[in-house]
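**Q** The structure is given below, and queries will be raised subsequently.
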Amino acid sequence: MTAAIEIESLDVWFGDGPDRTDAVKSVSFTVPVGESFGLVGESGSGKSTVLRAITGLVPTWSGGIRVQGRPLGRKRDKAFYKSTQMVFQDPYASLHPRMTVDQVLSEALHLHGFREIDSRIDTLLRDVGLGPGYRFRYPHQLSGGQRQRVAIARALAPEPKILLLDEPTSALDVSVQAEILNLLTDLRTERHLTYVMVSHDLGVVGHMCGQVAVMQHGEVVEELGVADMRELKASHPYTRHLLDSSLRSVR
Ligand code: ADP
Ligand code: MG
C-alpha cells in the first residue's frame, strides 16, 4: 500500500551565505496510512520546519516529499489542502479574532466547495465536542481548549486524510491537554486519519504515536517504536537523555 507520507533526504534552510540556518538536514521518514507518527526533540531542533515544508510554508527546501504517493513540487494545490491539514500550537494566534466560529468553519467549507454548510458546521462542532451554542462565538469568548477544538474542526472541514499536528496541546493548561489528546485519538480512529505529531514532550508522543523520530539540531538521530520507547530501549544518547528528563518530570 502507498504510504501516507514519505520524506526523503529533506533539507530546509533559511537565509543565505553567513546568515544561512540549516534548520532540517537530510531527514527521511515514512508514515504508513492510518499511523500516528511522532517527531520529538527540544525547541529549535527543526520539528515545525519539517511540517511547514510538507504544507508548503517554507520557500527553500530540497529532497523528496510524497503525500499519498504524489511527489510535491514548489506549490501546493487545493487537492493537497483537501487531503492534508495542519493544526498549530497556539489556537489564539491561528484563529482570526474578528471571525466567529461560524465564519471560520463556513469559510473553510466554501473554500473546498462543500454545500449544506449549515448542517456540516453542526456536525463538525459536535465531532469536536462543542455544542451548537458555540457557533456564533468569537475566539475571545472561548477557552484555550475550546479554541483548539475549533481549530481542529476547521482542519477537519475539507475531510482530510492527514493531519499535521504541531504541538497541538502545549499552549494549553495541563488539565485540558489530555482532553484534546483524547479527542484527537478518537478522531483518528473514527475518520481513519494519518497523523504526524510534533511534540517536545515524550509523554504526549508515547500516548499518541506508534512510531517516533527523535530530532536534534535539524537531524533525525533515531527512530523507534513506541514499545521500545516505553521500555527505554533507545540507543542514541540524546534519546536516552530525553527519556530520562521526561521520566524525571512525571516523578
Ligand atoms: P522546533 O519546532 O523543533 O522548535 P523549528 O523548526 O521552529 O524548531 O526551528 C528550527 C531552526 O530553524 C531554528 O534554529 C529556528 O531558529 C530556525 N528557523 C525556523 N523558522 C525560521 C525562519 N522563518 N527564518 C529563519 N530561521 C528559522
Ligand atoms: Mg516548533
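**Q** For the chain, what is the percent of antiparallel DSSP beta bridges, rounded to the nearest 5?
**A** Just about 55 percent of them are antiparallel.
**Q** Would you pull out the residues with amide H under 5 Å of Val87's amide H, same chain only if 5 or more places away, H placed 1.01 Å from N?
**A** It is Leu164, Leu165, Asp166, by chain and number.
**Q** Just the projected area, averaged over all directions, of the convex hull on the alpha carbon atoms of the stretch 105-251: how many nm²?
**A** So the mean shadow area of the Cα hull is 10.1 nm².
**Q** Next question. Can you figure out the FRET efficiency of Asp22 with Ala93, using R₀ = 41 Å and their beta-carbon distance, to the nearest 0.05?
**A** About 0.95, to the nearest 0.05.
**Q** Further, regarding this structure: What are the GluC sites (Glu not before Pro) within the stretch 1-95 that DSSP puts in a loop, where the Cβ has at most 15 other Cβ atoms within 10 Å?
**A** Taking the stretch 1-95 and a limit of 15 other Cβ atoms within 10 Å, the loop GluC sites (Glu not before Pro) found are Glu42.
**Q** Could I ask something else about it? Can you give the helix-only mean residue ellipticity at 222 nm for the chain, where every DSSP H stretch with n ≥ 4 adds -39500 (n - 2.57) and the sum goes over all residues, rounded to the nearest 500 deg cm²/dmol?
**A** Helices in the chain give a 222 nm mean residue ellipticity of -11000 deg cm²/dmol.
**Q** For Lys78, give me every one of the aspartates and glutamates with a C-alpha distance below 19 angstrom, ignoring sequence neighbours fewer than eight places off in its own chain.
**A** Qualifying aspartates and glutamates at Cα under 19 Å: Glu107, Glu159.
**Q** I've got another one for you. Under the 0.36 nm per residue contour assumption, what length would be gained going from the current alpha-carbon distance of His241 and Ser9 to full extension?
**A** 81.0 nm
**Q** Determine ³J(HN,Hα), in whole Hz, for all residues of the stretch 205-213 in sequence, where each value follows from phi through the Karplus function 6.51 cos²θ - 1.76 cosθ + 1.60 and θ = phi - 60°; x replaces Gly and Pro.
**A** 5, x, 7, 9, 10, x, 9, 9, 10
**Q** Tell me the Kirkwood radius of the stretch 193-237: reciprocal of the mean inverse pair distance over distinct alpha-carbon atoms, in Å.
**A** 11.0 Å
**Q** For the stretch 107-192, state which chymotrypsin sites (Phe, Trp or Tyr not before Pro) are in a DSSP loop and have at most 15 other beta carbons lying within 10 Å of their beta carbon.
**A** Sites meeting the loop and neighbour criteria: Phe114, Phe136.
**Q** I've got another one for you. Glu42 to Arg74: FRET efficiency via 1/(1 + (r/R0)^6), r the Cβ-Cβ distance, R0 25 Å, to the nearest 0.05?
**A** Once rounded, the FRET efficiency stands at 0.25.
**Q** For Val24, list long-range residues whose amide hydrogen, built 1.01 Å from N in the peptide plane, is under 5 Å from its own amide hydrogen.
**A** The answer is Val12.
**Q** If you filter the stretch 40-90 for trypsin sites (Lys or Arg not before Pro), then keep DSSP loop positions with at most 11 other Cβ within 10 Å, what is left?
**A** Arg74, Lys75
**Q** If you don't mind, another one. Provide Rg and Dmax in Å for the stretch 39-157, with only Cα atoms included in the calculation.
**A** 15.9, 46
**Q** Here's a follow-up. How many Å³ per residue does the convex hull of the Cα positions in the stretch 3-250 occupy?
**A** Value for the stretch 3-250: 129 Å³ per residue.
**Q** Enumerate the calculated ³J(HN,Hα) couplings along the stretch 88-104 in order (Karplus 6.51 cos²θ - 1.76 cosθ + 1.60, θ = phi - 60°), each rounded to whole Hz, writing x wherever the residue is Gly or Pro.
**A** Karplus values, whole Hz, x for Gly and Pro: 9, 5, 10, x, 5, 6, 8, 10, 5, x, 9, 10, 6, 3, 4, 5, 4.
Quick note: the coordinates plus some simple rules give every number you see, no bench work behind them. These numbers come from a predicted model, not from an experiment. Note that each Cβ is placed from the backbone with ideal geometry, even for glycine, and that neighbours are counted across all protein chains shown.
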